[in-house]
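Since the structure comes first, as structure tokens, the remarks are kept for the end.
The values are calculated or read from the model by the stated rules, or taken from the named source; none is laboratory data. Just so you know, these numbers come straight off a predicted model, no measurement behind them. With ideal geometry, Cβ positions are generated from the backbone for all residues, glycine too; neighbour counts draw on all protein chains shown.
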Amino acid sequence: MVKKNQISVLRIGHRPFRDKRITTHVSLVSRAFGADEIFVDEKDETLEETVHRVVERFGGDFRISTGVNWKKIMKDFKGVKINLSMYGINVDEKIDDIRNETEDKDILILVGAEKVPIDAYLMADYNIAIANQPHSEVSALAIFLDHYFNGMELKKTYNGKINIVPMEKGKMVKYIPDEREALKILYDEHASEKIINHVKTVYELAMAMGKYADANLKLIAAGSLLHDIGRTRTNGIEHAYVGAGMLREKNIGDSVVNIVERHTGAGITEDEARNLGLPPKDYTPQTIEEKIVAQADNLVAGDKIISLDRTVQNYREKNLYYASEKIIKLNQELSKLCGEDIDKIAEEVRLNNA
């Protein structure tokens with residue numbers, strides 16, 4: 001789902017001791033159905049903590065603010081303001097107009113908890129109803145957002161700590177381990193101190209690169225610490241593939257598994273994989289996080305950060321000229337994405353560890 005505008009939900013009339021559960025559901029529907037943030041008129045720290053926990057566990061960057069002045073927000077809002085009301089025009093009659101008008105404009109959707117003041121109707125650009133019948137504001141918000149996005153919001157993916165795998169029967173959850181959990185996985189697999197020291201250094205460099213590139217640091221943390229878990233079983237070229245398989249068995253999220261499987265050099269093509277005796281498929285890093293971990297690993301020898309020139313020299317001494325050229329190109333690509341030369345970032349990390 002590609003979205004150019006920002007969608008905010010404004011919840012008014014919230015009564016913390018009476019509406020705690022329903023306003024929580026309004027917040028969760030806002031997040032799951034494509035909104036970027038929610039404002040709630042009454043201060044409710046418990047509600048904020050609940051939403052923050054959901055975002056932390058299931059991913060995304062959804063935001064919540066409580067204790068706001070709803071009239072001021074509506075008055076100052078520069079985009080299109082929509083009041084969801086049983087008394088408005090049915091959504092099917094106006095959704096195309098709203099979609100066209102807001103292609104490059106932000107949206108504010110007002111959802112009332114009790115009787116909505118007449119000021120809200122007068123300040124709104126659209127008063128929209130879902131079927132002109134009494135029902136839950138939660139369903140009204142969900143149906144409106146679903147109509148607005150033509151159902152595409154349901155295809156949105158999240159890289160949360162917990163990721164649910166759709167199944168016809170049963171339950172499966174994959175997760176993204178944090179730093180402590182990733183290290184525990186390594187120790188449980190009897191990783192040597194050499195492996196632990198190496199992945200910690202790769203982690204430090206990859207995280208520094210990730211901050212420059214505004215990448216997903218949770219994925220980088222897990223992927224960099226676990227990238228060599230396969231070396232607890234083998235030190236051959238197949239260690240990345242083996243490590244990915246180990247993590248799949250532990251229900252680690254695919255976004256982390258892919259980092260591990262694709263971290264060798266600057267990637268291995270399907271033809272190269274076949275020649276190397278690996279299962280024939282493309283092991284080239286695709287996402288920014290995969291590329292960052294791969295290059296951080298390239299620039300760490302043992303537990304020491306080395307320069308790009310030294311890395312290239314090491315590859316060429318093994319007659320791996322084509323692989324060295326790919327590493328150079330990857331370094332150039334990442335330097336552009338980071339807005340800073342990777343060697344300079346590596347030097348900063350080196351100095352900090354001195």
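General observations
- If you go through segment 114-132 and keep only what is among the small types (G, A, S) and either at pLDDT 90 or above or outside the structural domain of I95 (by TED's automatic domain parsing) (or both), you end up with A120, A124, A129.
- Residues in segment 212-222 that are assigned to a helix (DSSP H, G or I) and free of Cβ contacts under 8 Å to residues at least 12 places away in the same chain: L217 alone.
- Residue satisfying condition, being surrounded by fewer than 18 Cβ atoms within 10 Å (Cβ to Cβ), out of contact with any helix residue (DSSP H, G or I) (no Cβ under 9 Å at 6 or more places or on another chain) and polar (S, T, N, Q), within set N275, N314: N275
- Flag not set for I162, criterion: crowded, with 22+ Cβ neighbours inside 10 Å, within 30 Å of R31 (Cα to Cα), among the β-branched types (V, I, T) and under 14 Å from the mean Cα position of the chain (by Cα).
- Candidates Q286, Q295, filtered to the one that is in the same structural domain as H227 (by TED's automatic domain parsing), assigned to a helix (DSSP H, G or I) and either touching a Phe, Trp or Tyr at 6+ places or on another chain (Cβ under 8 Å) or not β-branched (V, I, T) (or both): Q295
- Restricting segment 10-46 to residues that are β-branched (V, I, T) and assigned to a helix (DSSP H, G or I), the residue that is surrounded by the fewest Cβ atoms within 10 Å (Cβ to Cβ): T46
- One residue alone among L225, L183 is at pLDDT 95 or above, buried (at least 22 other Cβ atoms within 10 Å of the Cβ) and assigned to a helix (DSSP H, G or I), and that residue is L225.
- Qualifying residues in segment 303-331 (those that are assigned to a loop (DSSP other than H, G, I, E, B) and not acidic (D, E)) - the one nearest to V202 (Cα to Cα): I306
- Any chance G230 is more than 23 Å from the chain's Cα centre (by Cα), part of a loop (DSSP other than H, G, I, E, B) and closer than 18 Å to A301 by Cα: no
- Looking across S224, S255, one residue alone is farther than 28 Å from R316 by Cβ and among the polar types (S, T, N, Q). It is S255.
- Criterion (within 21 Å of N150 (Cα to Cα) and in a helix (DSSP H, G or I)) met by exactly one of D96, D104: D96
- Candidate set from segment 127-140 (those that are touching a residue at least 60 places away in the same chain (Cβ under 8 Å) and touching a strand residue (DSSP E or B) at 6+ places or on another chain (Cβ under 9 Å)); member that is farthest from V26 (Cα to Cα): E137
Residues are listed down the side, and each one gets a yes or a no for (1) free of Cβ contacts under 8 Å to residues at least 60 places away in the same chain; (2) in the same structural domain as G245 (by TED's automatic domain parsing):
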| site | (1), (2) |
| --- | --- |
| A142 | no, no |
| K184 | yes, yes |
| K194 | no, yes |
| V199 | yes, yes |
| V202 | no, yes |
| G210 | no, yes |
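- Lone unmet requirement of (1) under 23 Å from I229 (Cα atoms); (2) part of a loop (DSSP other than H, G, I, E, B) for E340: (1)
- If you go through segment 62-109 and keep only what is aliphatic (A, V, I, L, M) and either under 24 Å from Y158 (Cα atoms) or not assigned by TED's automatic domain parsing to the domain that holds E48 (or both), you end up with I64, I107, L108, I109.
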